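Trainee: Pasting a structure here, questions to come.
The values are calculated or read from the model by the stated rules, or taken from the named source; none is laboratory data. The shown structure was predicted, so the numbers you read here are calculated from the model rather than taken from an experiment. Backbone-built Cβ (ideal geometry, glycine too); neighbour counts: all protein chains shown.
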Amino acid sequence: MFISVLDLFKIGIGPSSSHTIGPLVAARDFLGRVRRYGEAHAIPPDTHIRCTLKGSLAFTGKGHGTDRAVLLGLHDYSPEDLAQRDVDALVRGLAQKRELQIGHTHTILFCPETHIQFDHGAPLPEHPNGMIFELGTSGGEVLLTETYFSIGGGFVSTRAEIGQCVAPLKMEPVASCPFPFASARSMLQMARDSGLSIAAMKRTNELKYRSPETLDQGLEAIWQAMRHCVENGLAAGGVLPGGLNLPRRARRLHEQLQADPAEASVNDWLCAYAMAVNEENAAGHMVVTAPTNGAAGVIPAVLYYFVNHQRGTREQVREFLLTASAIGGIIKHRSSISGAEVGCQGEVGSAASMAAAGLCGVRGGSPEQVENAAEIALEHHLGLTCDPVRGLVQVPCIERNGFGAIKAFTAASLAIRGSGRHFMPLDGCIAAMKQTGLEMSAKFKETSQGGLAVSITEC
C-alpha cells in the first residue's frame, strides 16, 4: 500500500482533521457533484442542499466547528485556501448569504441553521463519522444524494469507497511501489534486503509518483507550516474560543524557559512547543494534520526541538518526515488514526509513534531501532480515550500533545540505546490498538458522553 507523505501531512485549519477538514472536503466534493448535475438537468427554483451529521460528528460537531466546515466547503473553499484567512470573519459573511451559486445559471438555497442537522440517533454502520448530503426540493423530492465518512486525518470516503476495503483508504496499488511494505515486518525485511533506511525506501516510493523537486518542495512546505504553527502559538496570548474560558499557556511557559534555560528540561521545551501548536489548532488557525489535528502538536514539537536545540539540518527534516510518514501509513492501513473510531490512542498515540520513529531515524538509528521506537511510543498510549470536554479540542487535548511529545522523545532515546531487538513487534502493537478501539465504549470515542467530558465538578 502507498499513502504519500504529502497526503498524510496536510496543511489546513483547526480544530479537527476528522470533524473540520474532512467535512469541508466532503461538502466541497458534493458541491462539485451538484454542479455536474446542474449541467445535465433543470434545477427547480425551490431546491436546497441539506447535510445530516451522524454519530460523533453530531455529538461533538458544534465544538469541532463541523457546521462551519460544511458551510465553507459548500462555498467552494478548500483547507489550503483557508490557511492564511480570517476564517471567523469569512464564516460570518457566508452565513448571511442563505444561498449557493451553482455555475452561472443556478442558485440553490442553503441556510446553515436549517439545512445542517445534528442527528443524535444511531450512527451509520460503516463508520462513526458519517454525513449525508442531499439536493432536494421543498416538496420532499431528493434529486441527488451522497453519503460520506470522515475517516481521520482529513481523509474522506464515500459509502461506495468505504465498502471496497478493510481499511478505507485512497491509495495506490501495492505493486506500484518499489518497496511495497504493508506492515512493519515487511518494511524491516525490505530494509535488510536493500540495505536502505526506512526514509530512503519511503523516498523511493514517493519518487514513483512525483519528481524530486516536487517532493522536496512539498516536504519543505510541511516543515515551514509546522514551524510557523509552533512560533505563532508561542507568540499568541488571550483566551481560547469555545466557552471554556481557557487562557493560552504556551507563551508564558516559553517565556519562563527562556528566562532561565539552565533549569529547563527537554520535557519543558517539548510541552511548550506542542501546546503552542494545539492552542493554535483550538483557535481554528493553520495547522498541519500530523497525522490528525487533535494530535497536531506532537510531531512539530519533537522536530522543532531537534532543529533548534540539536542543530538538525534541512536534509534531516526531510528524513524525519519521510520516516514518520512510513510508520503513519502502516498504522492507518492496519488500524486507524481516527479518535471517533479507536479513541485518542489512534491520534496522539499514532503521532507519538511517528515522531519517535522520525527522531530515532535522524539520530542514526537502524531500521530495527526505528521500528522499536515506534512500538514503544504506541504501546504506552494503548487504551487512551477521546473524551473532549464540551466537544472542544482543548481539555485534555492540548496538554496531551505535550505528553505525547515527551513519550516520543523518550521512546526514541530508549530505542537508540538498544540493539533493535525487542519482544513486542510494532505490527502486534498496532493490532492491539485496533482491538482495543473496537471494544472501547462509544462514550470514550469522541462523543463527549463519558470520561473527562462528564466528570467536571461544578463549584
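Trainee: Within region 39-56, can one find any residue that is closer than 23 Å to residue 83 by Cβ, hydrophobic (A, V, I, L, M, F, W, C) and in a helix (DSSP H, G or I)?
Mentor: Step one: list which residues in region 39-56 are closer than 23 Å to residue 83 by Cβ, which gives none.
No, region 39-56 contains no residue that is closer than 23 Å to residue 83 by Cβ, hydrophobic (A, V, I, L, M, F, W, C) and in a helix (DSSP H, G or I).
Trainee: I'd like to check something: does region 77-91 contain any residue that is surrounded by 13 or more Cβ atoms within 10 Å (Cβ to Cβ) and in contact with a His (Cβ under 7 Å, 6 or more places away or on another chain)?
Mentor: Looking for residues that are surrounded by 13 or more Cβ atoms within 10 Å (Cβ to Cβ) and in contact with a His (Cβ under 7 Å, 6 or more places away or on another chain), one finds none in region 77-91, hence no.
Trainee: Taking the criterion of being within 22 Å of the chain's Cα centre (by Cα), surrounded by fewer than 24 Cβ atoms within 10 Å (Cβ to Cβ), more than 26 Å from residue 199 (Cα to Cα) and among the aliphatic types (A, V, I, L, M), would at least one residue in region 393-410 satisfy it?
Mentor: Looking for residues that are within 22 Å of the chain's Cα centre (by Cα), surrounded by fewer than 24 Cβ atoms within 10 Å (Cβ to Cβ), more than 26 Å from residue 199 (Cα to Cα) and among the aliphatic types (A, V, I, L, M), one finds at least one in region 393-410, hence yes.
Trainee: Taking the condition of being of a type in the set (Gly, Ala, Ser) and either touching a residue at least 40 places away in the same chain (Cβ under 8 Å) or closer than 14 Å to residue 147 by Cα (or both), how many residues in region 91-120 meet it? Talk me through it step by step, then tell me what you get.
Mentor: Pass one, region 91-120, residues of a type in the set (Gly, Ala, Ser): 93, 95, 103.
Then drop every residue that is not either touching a residue at least 40 places away in the same chain (Cβ under 8 Å) or closer than 14 Å to residue 147 by Cα (or both), which leaves 103.
Total meeting the criteria: 1.
Trainee: Just to be sure I understand, how many residues within region 83-140 are within 19 Å of residue 72 (Cα to Cα) and of a type outside the set (A, V, I, L, M)?
Mentor: Residues flagged as within 19 Å of residue 72 (Cα to Cα) and of a type outside the set (A, V, I, L, M) within region 83-140 amount to 26.
Trainee: Might you let me know whether region 346-360 holds any residue that is closer than 26 Å to residue 199 by Cβ, part of a helix (DSSP H, G or I), at pLDDT 95 or above and over 21 Å from the mean Cα position of the chain (by Cα)? Outline the logic, then answer.
Mentor: Looking only at region 346-360, we keep the residues that are closer than 26 Å to residue 199 by Cβ, and these are 346-360.
With part of a helix (DSSP H, G or I) added as a condition, the list becomes 346, 348-360.
With the extra rule that they be at pLDDT 95 or above, the set shrinks to 346, 348-360.
Among the residues that remain, those that are also over 21 Å from the mean Cα position of the chain (by Cα) are: 360.
Checked region 346-360: at least one residue is closer than 26 Å to residue 199 by Cβ, part of a helix (DSSP H, G or I), at pLDDT 95 or above and over 21 Å from the mean Cα position of the chain (by Cα).
Trainee: Let me confirm something: among 206, 161, 220, which residue is at pLDDT below 95, farther than 30 Å from residue 389 by Cβ and acidic (Asp, Glu)?
Mentor: Matching residue, one of 206, 161, 220: 161.
Trainee: Here's another thing I want to ask about it. Which residues, counting only those in region 101-118, are out of contact with any helix residue (DSSP H, G or I) (no Cβ under 6 Å at 6 or more places or on another chain), assigned to a strand (DSSP E or B) and either over 17 Å from residue 43 (Cβ atoms) or among the hydrophobic types (A, V, I, L, M, F, W, C) (or both)?
Mentor: 108, 109, 117 - these are the residues of region 101-118 that are out of contact with any helix residue (DSSP H, G or I) (no Cβ under 6 Å at 6 or more places or on another chain), assigned to a strand (DSSP E or B) and either over 17 Å from residue 43 (Cβ atoms) or among the hydrophobic types (A, V, I, L, M, F, W, C) (or both).
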